[in-house]
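A short worksheet on the structure shown next.
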Amino acid sequence: MDDAEQVIFYRHARPRSFTKLQNWLNIGQEGKCKKSWKVLDDVLAEYICQKRKEVNKLNQELVSVDGVDILTSYRTEKESIGLKCDDKFLRETALNMMTAAKDTTSTALTWFTWLVSKHPIVENKIIEELE
């Protein structure tokens with residue numbers, strides 16, 4: 001997760017052509033990011049597979065949501081209305097939750113600082129206000 005955040009930052013700080021070259025050659029920050037996402041995707045896929053086996057083994061309807069994880073809740077809700085809940089949807093949902101929950105304040109402050117540094121007029125107004 002930290003690698004992905006770092007890569008996203010560098011994508012905005014470096015020339016786009018440099019990022020595309022790293023991505024194409026699978027090197028540097030972009031190569032590191034691809035490897036990190038692959039590991040995370042594999043871990044989530046394994047977890048979802050185990051969860052499916054566990055729920056199928058019990059072969060019970062989950063009446064109460066107490067003690068049920070979010071992936072099982074998504075699966076049972078979607079299937080209760082007749083929609084198929086595929087692994088890709090569950091992986092992406094879990095990944096979004098993990099990404100959104102991690103270091104949101106520090107990420108927001110980092111982006112704020114970077115944006116202010118790119119706009120000197122705004123920076124001067126903030127300094128004036130603080131004085």
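Readers should treat all values here as calculations from the given coordinates under stated rules, not as data from a laboratory. Worth saying up front: this structure is predicted, and the values here are computed from it rather than measured. We place every Cβ from the backbone using ideal geometry, glycine too, and count neighbours over all the protein chains shown.
Neighbours of Asp87, meaning other residues whose beta-carbon lies under 14 angstrom from its beta-carbon, give a summed charge of +2 when Lys and Arg score +1 and Asp and Glu score -1. So what is the 222 nm mean residue ellipticity for the chain from helices alone, if each DSSP H run of at least 4 adds -39500 (n - 2.57) and you divide by all residues, rounding to the nearest 500 deg cm²/dmol? The per-residue figure over the chain is -26000 deg cm²/dmol. The residue among Gln22, Tyr47, Met98 whose Cα reaches farthest toward the positive pole of the charge dipole of the chain, with charges on the beta-carbon of Lys, Arg, Asp and Glu, is Gln22.
Once the Cα atoms are used to define both axes, helix 70-80 deviates from the longest principal axis of the chain by about 60 degrees.
Quick one: in the chain, what % of C-alpha pairs are over 26 Å apart?
47 percent
Against the chain, whose longest principal axis comes from its Cα atoms, helix 104-118 is set at around 30 degrees. Close Lys pairs in the chain (alpha-carbon distance under 21 Å; sequence gap of 8 or more, or different chains): 21. Would you mind checking region 8-30 for residues with the amide N under 11 Å from a putative spin-label position 7 Å along Cα→C-beta of Ser117? In region 8-30, the label zone of Ser117 (backbone N under 11 Å from the point 7 Å along Cα→Cβ) covers 13. For region 2-130, a crude dipole built from +1 on the beta carbon of Lys and Arg and -1 on the beta carbon of Asp and Glu, taken about the Cα centre, is about 640 debye to the nearest 20.
Label separation (Lys20 vs Lys35): 2.6 nm, computed from points 7 Å beyond Cα along the C-beta direction.
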